[in-house]
Amino acid sequence: MATKLYFSRDTKVLAHVPMASAGSKNMYFDLPVLDGFSFSQSMNTSEITLNEAQNTSGVSRRGRAMFNDSFAPVEWSFSTYMMPYTSAGGTKGSAGKGSATDGGHCEVSEAMWAMFFGQTGTAGITSDGTNLDIVQTGSNKATVGVFDLYFILGASQAAAAYNYTTGAATANQMIYKIADCSVGEASFDFDLDGIATVNWSGNGKLITEEATLDLSSSTALIYEGISNTTGFIRNRVSDLTIAGDPSGSSVTYATTLTGGNITMSNNLSYLTPETLGVVNQPLGHVTGSKTVGGNFTCYLDNASSTSSAEFYEDLVEATSDIQNSFSLTFDIGASTAPYCNIRMPTCHLEVPTHSIEEVISMETNFHALPSDFDSTNEIDLFTFVGKDVNA
């Protein structure tokens, strides 16, 4: 009997998200993930042991017992490229369309951004003929969006696109569903020789094996843009603008990135009951402090009064500043479609550290902060501009 094996490169990932109201999942998004995805769930157990002296016969009991207490939250992670595009228009979801507007700007992972910053797949997402804006005005919540993830192993062997059956005699798939997922963290690195990539990770309640998933005729499936070969953003054509007033006067520093990272985290905690005599399942999550930060690296140069050497000197000499505040604007793709702009207007910068190599460089850690505790403006500009999906 032949053995059916499954390969990571033959896997498709779908997200089932609520579009109109939290908890009501009604739209599927095809997420074109990269190699290196993972998902797993473990069991929390209790071990019972004895610790006693020997009896009159010289025997001491040394056995032990194990009990299943609860399922730990599912841990999942995967990466997607930043791939903005302009839609051909039509009914959203019908024929895979991402926008009802011809020329409307979209991004293949926009549902993940929405679920990170809000509770529905449209939270903070504004698409028009100019750009796709992502805002976080609804992110100050005790919970973030809840959605389902499907990992379909052997997906490319299906007899029809988006029609999958576990254990079929022909074109055998394996469908794993992770119920009630939430996005804990999103991060991306500025690898100059790479393509702009977002690393997603989070948790879910339970992994189950599903018998079928047939979306072949669904009008609630978005896949437009995933095959757009002109939609990739190149990291090398990215730049950073730093503006602040460490010396009491407004300065805009000229820096050229050699690397860096931006990481955003919801700092989720999962709650699980502890009832005796049953195997408990995770109840759900609550959010912690929202953190946005990262680091950037640049060469140490002294070519002008706004160079990286002057930037370092101004930070070091600001010895009386209890807090500092800088605006950081990352232009990923150099404002030539496709590209992404991210501006963090109130960043606290740490003093840069020098890296002594053949060419001396500096690394600076930053923390994007809201203007006050009630605000959600750690990021006040998060914009994608795409290219024609049919280009």
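What to note about this one:
- Taken over segment 153-206, the criterion of being under 30 Å from Tyr299 (Cβ atoms), at pLDDT below 95 and assigned to a loop (DSSP other than H, G, I, E, B) is satisfied by Phe190, Asp191, Leu192, Asp193, Gly194.
- Test: residue in segment 321-340 that is at positive phi and surrounded by fewer than 20 Cβ atoms within 10 Å (Cβ to Cβ): yes
- Within segment 344-391, strands (runs of 3 or more DSSP E) holding 1 or more residues that are surrounded by 15 or more Cβ atoms within 10 Å (Cβ to Cβ) and acidic (Asp, Glu): 361-368
Let's see how each residue does on (1) among the β-branched types (Val, Ile, Thr); (2) touching a helix residue (DSSP H, G or I) at 6+ places or on another chain (Cβ under 6 Å); (3) surrounded by fewer than 16 Cβ atoms within 10 Å (Cβ to Cβ); (4) closer than 22 Å to Pro338 by Cβ:
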{"site": "Gly124", "(1), (2), (3), (4)": "no, yes, no, yes"}
{"site": "Asn131", "(1), (2), (3), (4)": "no, no, no, yes"}
{"site": "Val146", "(1), (2), (3), (4)": "yes, no, no, no"}
{"site": "Ser156", "(1), (2), (3), (4)": "no, yes, yes, no"}
{"site": "Met174", "(1), (2), (3), (4)": "no, no, no, no"}
{"site": "Gly184", "(1), (2), (3), (4)": "no, no, no, no"}
{"site": "Phe190", "(1), (2), (3), (4)": "no, yes, no, yes"}
{"site": "Ile195", "(1), (2), (3), (4)": "yes, no, yes, yes"}
{"site": "Ser201", "(1), (2), (3), (4)": "no, no, no, no"}
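- Taken together, Ser371, Ser327, Ser375, Ser320 contain a single residue that is more than 30 Å from Gly225 (Cα to Cα) and touching a Cys at 6+ places or on another chain (Cβ under 9 Å), which is Ser327.
- Checking Gly288 against (1) in contact with a Ser or Thr (Cβ under 7 Å, 6 or more places away or on another chain); (2) of a type outside the set (A, V, I, L, M); (3) modelled with pLDDT under 95, the condition it does not meet: (3)
The values are calculated or read from the model by the stated rules, or taken from the named source; none is laboratory data. None of the values given here were measured: they were computed from a predicted structure. Don't worry about glycine lacking a Cβ; one is built from the backbone with ideal geometry, like all the others, and counts go over all protein chains shown.
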